[in-house]
Amino acid sequence: MIRLLYTEIFKMKNSKMFLISLLGALVSPVMTFFMLVGYKRQNPDSILSFGSYFNQTHLFIAFVIGNMLFALIVTYIYNREFEEDTLKNLLTIPISRVKLIISKLVILFLWIEIILLVSFLSVTIIGLITGFQNFTFDLFSEFLYKYLFTGFLFYLLVPSFVLVTLVFKGYVPTIAFSIFVTIGTIIFGQSKYLAFYPWGLPVHLTVSSQEIVYPIIYSWIILAALFIISIVSTIIYFNHTDIN
């Protein structure tokens, strides 16, 4: 298992997709920066604050970028084994398919948290360089936790994308699915029913402006159920499918 993890880390470190995903992590901070600067020009009396910058960047990730970016990474990690025809070679060595799935899930967790951390640090650095106001250690700590916690919530959705990738063995179905669930998040975003929509729960559980109507435990049960069902289904499917 350790060797599998080392191999996956080596693949991640040397892949172009990892660098591309880090650039993707900069999209939200950069776009939010220009949005806030544009608002400041139209409203000279407004203040460019770190609180607004952290919050708006987080909203952009949670609502729009998150599911699509992480679905792309999932597809890359799993589908490339089919495209590069390396999966058959991997399965010739004495490792179980379950360990192979788990090792990639561990890497995905690290990858997702790195992306959220890069986004958070980008906001901090850009804000300090350009003179955003009201920076405090408490604010820094609060949003660091929020960003990493958001990454954890997105990770709980990852197995659903893994299952789609393994079943359809291609980029298009998983990306299409991620776009569909992102649209669902936007549609339910201002509704109390977002609490029951699993792919929108990173928004519901981290955005302070969301109205909490139903007990949060309902959302956690739904998220945990999707995570467990997706992982079990993935393992069962992968263990019983033929690798051609």
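The values are calculated or read from the model by the stated rules, or taken from the named source; none is laboratory data. Remember, it's a predicted structure, so these values are computed and weren't measured experimentally. Note that each Cβ is placed from the backbone with ideal geometry, even for glycine, and that neighbours are counted across all protein chains shown. Please note that ligands, DNA and RNA were not included when accessible areas were found on the heavy atoms of the full protein model with its side chains. Shrake-Rupley method; radii C 1.70, N 1.55, O 1.52, S 1.80 Å.
A quick yes/no check of all residues on (1) open to solvent by 10 Å² or more (accessible area, probe 1.4 Å); (2) farther than 24 Å from Glu113 by Cα; (3) out of contact with any helix residue (DSSP H, G or I) (no Cβ under 7 Å at 6 or more places or on another chain); (4) among the basic types (Lys, Arg):
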{"site": "Leu166", "(1), (2), (3), (4)": "no, no, no, no"}
{"site": "Val181", "(1), (2), (3), (4)": "no, no, no, no"}
{"site": "Gly189", "(1), (2), (3), (4)": "no, no, no, no"}
{"site": "Ala195", "(1), (2), (3), (4)": "no, no, no, no"}
{"site": "Ser208", "(1), (2), (3), (4)": "yes, no, yes, no"}
{"site": "Ser233", "(1), (2), (3), (4)": "yes, yes, no, no"}
{"site": "Tyr237", "(1), (2), (3), (4)": "yes, yes, no, no"}
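Please specify each residue of region 16-34 satisfying the condition of being in contact with a Phe, Trp or Tyr (Cβ under 6 Å, 6 or more places away or on another chain) and either over 16 Å from Gly127 (Cβ atoms) or aliphatic (A, V, I, L, M) (or both). Residue satisfying the conditions is Met17 alone.
If a residue has to be closer than 23 Å to Tyr145 by Cβ and either modelled with pLDDT under 85 or buried (at least 20 other Cβ atoms within 10 Å of the Cβ) (or both) to count, how many in region 7-23 make the cut?
1
Is there a residue in region 138-157 that is within 23 Å of Val118 (Cβ to Cβ), small (Gly, Ala, Ser) and surrounded by fewer than 16 Cβ atoms within 10 Å (Cβ to Cβ)? Yes, region 138-157 contains at least one residue that is within 23 Å of Val118 (Cβ to Cβ), small (Gly, Ala, Ser) and surrounded by fewer than 16 Cβ atoms within 10 Å (Cβ to Cβ).
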